Structures are given as structure tokens and as C-alpha cells.
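What follows is one structure encoded as C-alpha cells, with my remarks underneath.
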Amino acid sequence: MKRFFVKSICLILSVGVLFYGLILAMICLPKPAAYAEHYQRGFVYQYRALERAEGRKIVTLGGSNVAYNVNTDLLGELTGIPAYNLGVNGSMGYSYILDCAKKFIGEGDIVIYPLWNFEKDDYGMELIWLTLEGESDMVFDLIASHPLKALSTIGSFGLKKTYALALGNRLDGYSETEGYSADAFDPETGNYIYERVAPTLAEPVMESIKFSCTRSTLSDWCVSAMNEFTAWCRARGAQVYFVFPTLMRASVIETDEQLRAYQSEVEAAFDAEFIMDVLDACYDYEFYFNLPTHLNSAGMDVYTAEIAQGILSAIA
Amino acid sequence: MSFTTLSFLVFFAVVFWGYYLIPKKGQWMWLCAASVIFYAFASLWSLCYLFGTALVSYGAARYLSAQDERCRAASEGLGKAERSALKKKFGKKKRAVTAIAVIALIGTLVAVKYTGFFADTLGALTKRELSLPFDILLPVGLSFYLFQSVAYLVDVSRGNYPAERNFFRYLLYISYFPHVLQGPLDDYASVSSQLYASREFDGERAVRGAQRAAWGFFKKLVIANQISVIVSPVFAEGGQDGLSTILCIFLYSIQLYADFSGYMDIAIGCSEMLGVRIAENFRAPYFSGSIAEFWRRWHITLGAWFKNYLFYPLLRSSGLTKLRKALKKNKYLSSALPTAIALSVVWLLIGFWHGANWSYVFYGIYHGFFIVAETIFAPLYAKFHEKFPKLQKNAAFRAFRVVRTFVLVTVGYYLFAPASLGVTVTLLRDSLHFDGGAFVAFLTTNLRELIVAIAGTAALTFVDLRSLRENRLPVGEVISRKQGWVRALLYGLFLFVILFFGLYGSGFDQFAYFKF
Amino acid sequence: MERNEIFEKLNEIFRDVFDDESLTVTEETSAADIEDWDSLTHITLISEVEDAFDMKFSMKEVVGMKNVGEMADIIEREA
């Protein structure tokens, strides 16, 4: 029996070591040409920009509701404090975004969070691996912080990359749509600089995509997690301010009165200060791009100015 | 705890090593404790159902055996006629208790599984809102271990074997972790002596078991999970073109088989490593020549259960016996009609067993239709084969029958896969709408999964074909005969293939029959 | 009843149920030996035998009997 034990342990361990060694090597090697210009590269630009950042800064956390809508160049200009976005696609998982954010937040920083719901353990592992491919330090950070989750999800990456290399094929989620590639971002700052002139959907179509803003759309987990995060930041001398994510007014089901009530409820639930009124984040059709949550370039500047105003009032 | 999770692997490693390290007298107790813990992990609140089922069937069986004892004791020295009369008297009591216990058990299953369904259906029929205000959750594995306990109870009432005296031994039989959640439905007589025996470590047996379990992991992680990535979105709503939809249904055939039989392989393999041989549930089902043969090769123990505890009792019931006698003049009718009636009932219930959903009921009816048709048209088939006697032995004819059966079974999955009649109709409509461009796009999008699925299916077909020929060594044996380092290399390679081509992690650890 | 009488009668029944005049059963004949003897015809067979010998098999016997020899044993006991 001892022989069986020893032999099986040796077999399993050696296969495991070889396999995970191979996968780690594959994921640390740069993205192949077939999908090197994937849109998610924008997240890496943002991350690297934050690594280089020195001194006091503004950091906006979220998904596409941050990338499309916050012009960090403009925000920095208007407030006099350098600004950075951290977030390109909400499917990466807000839990992961918050994990990354904690690396960069320190004394004097200002964290801006457009209020968005997320559930416990919100990690979009597939998208994360796709993004982190070629960035070995980020890969190892993730494995060190969540070893079980990382190891159980990284396995299928080997097949995906081999396939992409062998057949020159795109990875899942790669899009040929305009604005959905790496060159839509400024490599130095991670700012989404792709020129969006006008809405790409007709007005009735946009309007038919409905959103509801009520207290019940926010999970208890989200409330407690964000309050914890706020406390964490404050303990390090940083401030957390909440804003409302932009939504096309016609897409929101609730009336103005109901929205104001919603605002009071969330202001009571969350510890962080709200520096924007919900109605000031809801604009007309002309400012939007391909979804009622994504602004075009003109809208982006309006919303950014709104945030800048909020920050200036708050820190005055 | 799903089989394809790291936690199960750790759990099993502990159970396996502990089993052979502890004193032999305690081995069955170790298994019992491990099984209860396993079930608790699968679902803590369901434990009361597990214990309840065990208590009711154990208690009723003990009572029945006690009655048998009393009957035997009272019959000492009596004549044949008096013995008969005494047997009848005790028989009445036994039948009553058996009936009550079986009704209580099956009734629990029906209540938990189907109340919501009945309420909804009644509501739809009477155009009233009759849905239950709450959801009754189905305890995990109830459909399986409850059936197993009913089988045990009825066997004891038939006198096949005496009731188990030790409650915890009986509990082990019901809760044994390899079969508690999805079967196989094991026969008490064949499995209990193995479960309670003490055993030494058997290296060869452990290797065979590990090979079997690894093969199950391959089927589930590499074949079934990769296919599910392709087909699940299509079965959620439909909307694909004809060729893609048809391809998905065929892929689903493979997926369901790889998933369910893969689970069985892991269960059988793990049990084999513990020295307990549990029942086979699959025997290369897609190589069947007829639907009836298919159900003797697919989910074998379920078919056997229904045959033993529903079909036979139905056929021998007074109602159908009277019918048979009444039709005695016509030899064909007197056997075909009662059989057809009994089969229809059985297949309707098999459909129901799969779930509280009209899709499954129609699935049962679909298969039942072909099986009843075989009985009804038996004389026609006999005449046909008289005319063409060479056909039966003809390999091409056999191949035709196998392909025909596979297609029929696959078409049945239009009902089974989406589990909602609305989507079934959508899929059927989609299948008629041809669009070459869309099909090529579908293939391209899913090319990666398709390549793995097809390669895996080829391996699966090869292994199943081999198993059909009794004089061929199973693949595992062939490998075991190689030299040490060749074996290590082959095993290592196989494990690597599973890790590299498999999909695992949360979202991939549910098995298809878990919800039944 | 004598054993060979039982087998004579059984032969008649088997020939009738399976529609084969050349069929002859022995002690060892089992379902594996007769092509059409499956679970469906088994019950028909059992019913015919019960009618012919005016006796009833128990469920345990119906399911458990392995060959015609065992069937004959039960008939000897019960008839």
C-alpha cells in the first residue's frame, strides 16, 4: 500500500507541476499577434500608469462606466490633481478591481466610485486571464492573493492560447467593432481617447433599453464591501467619494421624485460621501454612444466636469 | 460535493487511505461516516430526508422479517393446508405494512418533487392562479436513494433476504457516497456483503479503480464540459440556423452520455478502489439496435428497477391477468395488449421520474411509443425476418439499426435538452431553417471546443466499441500490462490531457442528472 | 406429478409461446438459450405455466429463477 501511495502521489505531483509550470509559462509570455491588440489591453495601460503615478492622485473605479465616461486628462486639468481610471469592462469583476485599486491608494488620494452593484466573489476569471496574459507580475499577484481560484481557472488557458497560436485565431470576446481595440486607449495614461461623435443607436432603440434605480438593486454584499473599502481607504489617509453612473434619462424607469428618494436611501446606506446628485448624471440622448450607459466624447466631458465640480466642492 | 472538484479529490483521498489504515472491524463504519459527511456537504438540510428514508425502510423491513419469523415459528408441526392459511394471514399483515411504507416513501418523493408542478398544471387547466406560495426544494439524490430503499423493502417483503438488523449498516447501504446522489441503484443482495466486509488493500484492484475514475474525469471534463459550452446557449433560447441546431442536438447526445456515464465511471472507480463493486449503469448504449435494447444499455439500473417493481407487478396484477384470460382466444392479443398497457404506464412514469416537467413526461411517452410499438408489431417483424432470413446476421443491417436507433434517441433530446416545451418547439422550427453562412460562422466560433469534442468522442467510441467485443481486453488492462515506466508515462500523459483539454472550476462542476 | 410429465407439459407451453415446434427444453435451458425469451415474453411464459399447472409463482420466484430446471422444481413443490 505504501508503494501505491508513493507512486500515485509522485505521479500526481509531477503531472501537476509540469502542467502548471507550462500554463504559467504560457500566460507570462506576451500575447500572440492574433489578439495582441485586444481591447482589454486598456486595463493594463491603466494599471501601469497607476504604477508610475507619484504624489496625490484621483482614481476612478468601475468598469466600462468609468472608461467611457471619465476623461482623466480633463479631470486632472479641472481639479489640478492627476487622475486615473481603473476599469475597462465590468465583467472582470468588481472584486478584482478593488483588489488592484488597493495597491495604488495612499495618503492624500481621492477615490471616485460610480455606484454600481456587484455580488460576493465577483471575479471574471476568464477575462482577467485574457487581460493579464503577458504581464507576469500581475499574474503572480493574482495567484498569490487567490491561489485556489487562480489554479482552478487557469487550466483551460493553455488550450485557448495554443489554439490561438496554432490557428491564428482570435480569443473569445475579441471584437472587430470600432473602439473595441487597444489603440482606442492612450498607452501612457490609460485614458479612453477614441473619438465618439454621435450615438450609434437610434433614439427609440436606446430608450427601449431600460434601467431601474432603486435601493433594492444594490445587494447587501455591495453595501458592506464598499463600506469596508471606504474605511480601508480612510485608514490610509485617502478619501472615497461616490458619484452616480451616467444613465440616459429616458432609459431610467423611475420618476425624478423616485430618483431623489433613491439618492437619499443610498446616501444613508453608504459611509462614503456622495458628491453628485443622481439627476446630474442623467443626460439626453445626444450625449450617448452605443448604450445608455456609455457616453460619446462630448458627453464624457460633461460628466467629467460634473465629477470635477463635486471633487472641488468636497475638498474645499 | 461534486465529483469533479478539488474538495472531492481530497475527501476521497482521506477516505481511501483511512479505509485501509484503520482496524478492519471498523471499515464499514468508516464508510458510513464518510458517506453521511459526503451527503452533508452536498446538502446539509437534505440529511433529514436521507435519515427519514433510511428509518422508514429499515423499520418496515425489520417488522416484515419479524413477521416471517413468527409465521415460521407458528407453522412448526402444522400440515400443509394449515401452513398455507397461516401464511395467508401473515401475508395480509405484511402486505399492508409494505404498502403503507412504500406509499409513505414514494408519497414523500411525489410531494416534494411534483406538488408545484401539479399546482401549476391544475392552475393552467382551470385558468386560476394556483402556484404554491413557496418553492419546495428537491433534496439532492432523493429520486435515487428513495427508489433504492423501496427496492430493498419490497425485496424483503418478497422474502429475497432477511432485513438488515443493524441500522447503521443499512444506513451505509442507502447513503454509500458513490451511489447516493445519482445511482446506480444497487441491489442490496449483491452490494451489502461487500460493503460490510473487511478487506485488505489490493493494489491491482486499486489501480483498476483509479483507471476507471480517471476515464470518468476525462469524459466529464474534456468531452461533456467542452460540448456544453457549444450547446448550452443554443438550448437556452434557440435562435440558431437549422444545421447548427441539428449539430447541437447530436453533440448533446454525446454530452449527456459522457456526463452521466462519466459520473458512473468515477463512482464505480472510486468504489472499486474501496473494494466494493457496484452495478454498471451503461453498456455502450449508442450501439443498440432498437429502443428497447437502448434501455437495457442506458441507465440500466433504473430500467431494472421499473421492470422489477412496477412492470412485473403490473403485469401480474389481477386487472391485467383478467384481461389476459379474457383474450385467451387470440394468442397475440392476450400477451400483447396487457404488455402494451403495462409498458405505457411504466414509460409514462419513467418520463415523470426525470422531473416535474411536461418535457420529461413527453420524453417518456416518446420512448414508450417505440417500445410499445415493438411489442405490438412483433408478429410483423417476425414475418419480415422470415422473408429475409439472412438479414438478421448481416452486418450492414445491424449498422443500419444502430444508426436508426441513435437518430431516434437523438431526436428525443429535442424534448430532454431544453427542458421547456416552448424552447423545444423553437428548436424544431429552427432546425428547418437553413442558412449555410450562419452554420459556417457557428462552426468557426466554436471550432476550438468542436475539435476537442470530436477528438474526445472518437476516443470514447473506440473504447466503447472495444468493450462490445467480449474477447478483447479492456483498454485499462492493456495499459496495466506495459512496463513500469511506460505505464507511468501513459498515465501521466492521460492526466495531462485531462488538465489541458478539460474545463473545470465553478460553473463546470454540476452533473446533468444531479437535478433528478 | 412426475418430473418428465412436467417437462412434457413445459415443452408444449414453450413451443406455443415461442411459436417453434422444434423447441425442446432441458434442466439447464435459460433465457440465454432462446432468442425471444426476454423480460416481456418471460411474463407471458410464467402466466401460461401458472394456468397450465394451476399454481402461482411468487414475485421472488418469477424474478429469481435461473433456468427451466428451477422452474420445474417450483412446479413440483407447488402443484
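The values are calculated or read from the model by the stated rules, or taken from the named source; none is laboratory data. Computed from a predicted model, the values in this text were never measured in an experiment. When we count neighbours, we look across all protein chains shown, and the Cβ atoms used for this are built from the backbone with ideal geometry, even at glycine. Side chains are part of the model used for accessible areas, which takes the heavy atoms of the whole protein and leaves out ligands, DNA and RNA. Shrake-Rupley method; radii C 1.70, N 1.55, O 1.52, S 1.80 Å.
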Q) Over the stretch A:58-198, what is the percentage of antiparallel beta bridges among all DSSP beta bridges, to the nearest 5? A) 10
Q: Evaluate E = 1/(1 + (r/R0)^6) for residue B:391 and residue B:420, where r is the Cβ-Cβ distance and R0 equals 45 Å; express this FRET efficiency to the nearest 0.05.
A: 0.65
(Q) Quick check: pseudo-label points 7 Å beyond the Cα along Cα→Cβ at residue B:127 and residue C:30, how many nm apart are they? (A) 6.2
Q. Could you give the dipole magnitude of chain A about its Cα centre, charging the beta-carbon of Lys and Arg +1 and that of Asp and Glu -1, in debye to the nearest 20?
A. 1860
Q.
I need the phi-derived Karplus couplings for the stretch A:277-284: 6.51 cos²θ - 1.76 cosθ + 1.60, θ = phi - 60°, integer Hz, Gly and Pro marked x.
A. 8, 4, 5, 6, 9, 9, 10, 7
Q: Could you list which residues have their amide H under 5 Å from that of residue A:211, counting only those 5 or more apart in sequence or on another chain, with H placed in the peptide plane?
A: A:252, A:253
Q | Using a Förster distance of 30 Å, the FRET efficiency for residue B:480-residue B:198 (Cβ separation, nearest 0.05) | A | 0.70
Q. Where both partners of a DSSP beta bridge lie in the protein assembly as shown, what percent of those bridges are antiparallel, to the nearest 5?
A. 25
Q. If you place +1 on the Cβ of every Lys and Arg, -1 on the Cβ of every Asp and Glu, and leave all else neutral, what size is the dipole of chain B about its Cα centre, to the nearest 20 Debye?
A. 2620
**Q.** FRET efficiency, residue A:102 to residue A:193 (Cβ-Cβ, R0 30 Å, nearest 0.05)
**A.** 0.65
Q) In what sequence, highest mean first, do B:19-28, A:76-85, A:147-156 appear when ranked by Cβ atoms within 10 angstrom? A) A:76-85, A:147-156, B:19-28
(Q) Using a loss threshold of 40 Å², tell me which positions in the stretch A:138-160 are less accessible in the complex than in their chain alone. Probe radius 1.4 Å, ligands and nucleic acids ignored. (A) A:152, A:156, A:159
(Q) Need one number: buried accessible surface between chains B and A, 1.4 Å probe, both sides summed, DNA, RNA and ligands left out, in Å² to 100. (A) 2100
Q | Solvent exposure, largest accessible area first (probe 1.4 Å, DNA, RNA and ligands not counted), of A:282, B:48 | A | B:48, A:282
Q: Quick one: which residues, 5+ away or cross-chain, put their amide H under 5 Å from the amide H of residue A:111? H built at 1.01 Å from N.
A: A:59, A:239, A:240, A:241
**Q.** Positive-end extreme of charge dipole, the stretch A:1-155 - chosen from A:94, A:82, A:155 (charges on Cβ)
**A.** A:155
**Q.** Of B:515/C:60; A:31/A:149; B:80/B:307; B:127/B:515; A:2/B:25; B:88/B:322, those spanning more than 24 Å from alpha-carbon to alpha-carbon
**A.** B:515/C:60; B:80/B:307; B:127/B:515
**Q.** Phi to ³J(HN,Hα) by Karplus 6.51 cos²θ - 1.76 cosθ + 1.60 over the stretch A:29-39, Hz, x for Gly, Pro
**A.** 6, x, 4, x, 3, 4, 9, 4, 8, 4, 3
(Q) I need the peptides A:28-34, B:301-307 ranked by packing, meaning the mean over residues of other C-beta atoms within 10 angstrom, with the highest value on top. (A) B:301-307, A:28-34
Q. Interface C/B, total buried accessible area with a 1.4 Å probe, nearest 100 Å²?
A. 1700
Q.
In Å², and per residue, what accessible area does the stretch B:304-387 have when probed at 1.4 Å with the other protein chains present?
A. 49
Q: Work out the mean other chain Cβ neighbour count within 10 Å for the residues of C:34-43 and drop it here as an integer.
A: 5
Q. Counting partner chain Cβ atoms within 10 Å of every residue's Cβ in B:492-504, what's the average?
A. 5
Q | Sequence of B:207, B:112 when ordered by accessible area, the most exposed leading, probe 1.4 angstrom | A | B:207, B:112
Q: Select from chain B the helices, each a whole stretch of DSSP H, whose alpha-carbon atoms run 24 Å or more along the helix axis and whose Kyte-Doolittle mean is at least -1.0; answer none if there are none.
A: B:47-74, B:80-126, B:242-273, B:331-354, B:358-376, B:395-416, B:447-468, B:484-501
Q: Please name whichever of B:163, B:146, C:55 sits farthest to the positive end of the charge dipole of the protein assembly as shown, dipole taken about the Cα centre and charges placed at Cβ: Lys and Arg +1, Asp and Glu -1.
A: C:55
Q) What order, most packed first, do the peptides A:10-20, B:29-39 have when packing is the mean number of other Cβ atoms within 10 Å of each residue? A) B:29-39, A:10-20
Q) Can you give the angle from 0 to 90° between the axis of helix A:220-235 and the longest principal axis of chain A, with both taken from C-alpha atoms, to the nearest 10? A) 90
Q. Taking the simple approach of a point 7 Å from Cα along Cα-to-Cβ for both residue B:86 and residue B:115, what is their distance in nm?
A. 4.5
Q: Could you point to the residue in A:206, A:262, A:242 farthest towards the positive end of the stretch A:201-267's charge dipole, with +1 and -1 charges on the Cβ of Lys/Arg and Asp/Glu respectively?
A: A:242
Q: Convert 25 °C to kelvin, take the viscosity as 0.890 mPa s, use the Kirkwood radius over C-alpha pairs of chain B as Rh, and evaluate the Stokes-Einstein diffusion coefficient in µm²/s, rounded to a whole number.
A: 97
**Q.** Value of Rg to Rh for the stretch C:3-78 (Rh from inverse mean 1/r over Cα pairs, i.e. Kirkwood)
**A.** 0.90
Q) Considering chain A as a Gaussian network with a 10 Å cut-off on Cα pairs, which listed residue, A:21, A:62, A:108, attains the greatest mean-square fluctuation? A) A:21
Q.
Taking beta carbons within 10 Å but only from partner chains, what does the mean come to for residues A:2-10?
A. 4
Q | In degrees, nearest ten, helix A:94-104 long axis to first principal axis of chain A (Cα) | A | 90
Q.
Probe radius 1.4 Å, ligands and nucleic acids ignored: give me the carbon and sulfur share of the accessible area of the stretch C:3-78 as a rounded percent.
A. 42
Q: Determine the share of chain A's accessible area contributed by carbon and sulfur atoms, expressed in whole percent, with a 1.4 angstrom probe.
A: 57
**Q.** Nearest-20 debye value, the stretch B:304-387 charge dipole, Cβ charges on Lys, Arg, Asp, Glu
**A.** 540
Q | Length gained when the stretch residue B:70-residue B:373 is fully extended (0.36 nm per residue, less Cα-Cα span) | A | 104.3 nm
**Q.** Cα→Cβ-extended label distance, 7 Å offset, between residue B:463 and residue C:19, nm
**A.** 4.2
Q) Which residues of the stretch B:312-329 show a drop of at least 40 Å² in accessible area when all protein chains are present, compared with their chain alone (probe radius 1.4 Å, heavy atoms only, ligands and nucleic acids excluded)? A) B:312, B:316, B:324, B:328
Q.
Please report the antiparallel percentage of the DSSP beta bridges confined to chain A, to the nearest 5.
A. 20
Q) Once the Cα gyration tensor of the stretch B:6-200 is found, what semi-axes does its equivalent ellipsoid get, as square roots of 5 times the eigenvalues, in whole Å, sorted largest first? A) 33, 30, 10
Q | In Å, descending, principal axis extents of the Cα set of the protein assembly as shown | A | 113, 67, 58
Q: Leaving ligands, DNA and RNA out of it, report the carbon-plus-sulfur percent of the accessible area of the stretch B:6-200 at a 1.4 Å probe.
A: 67
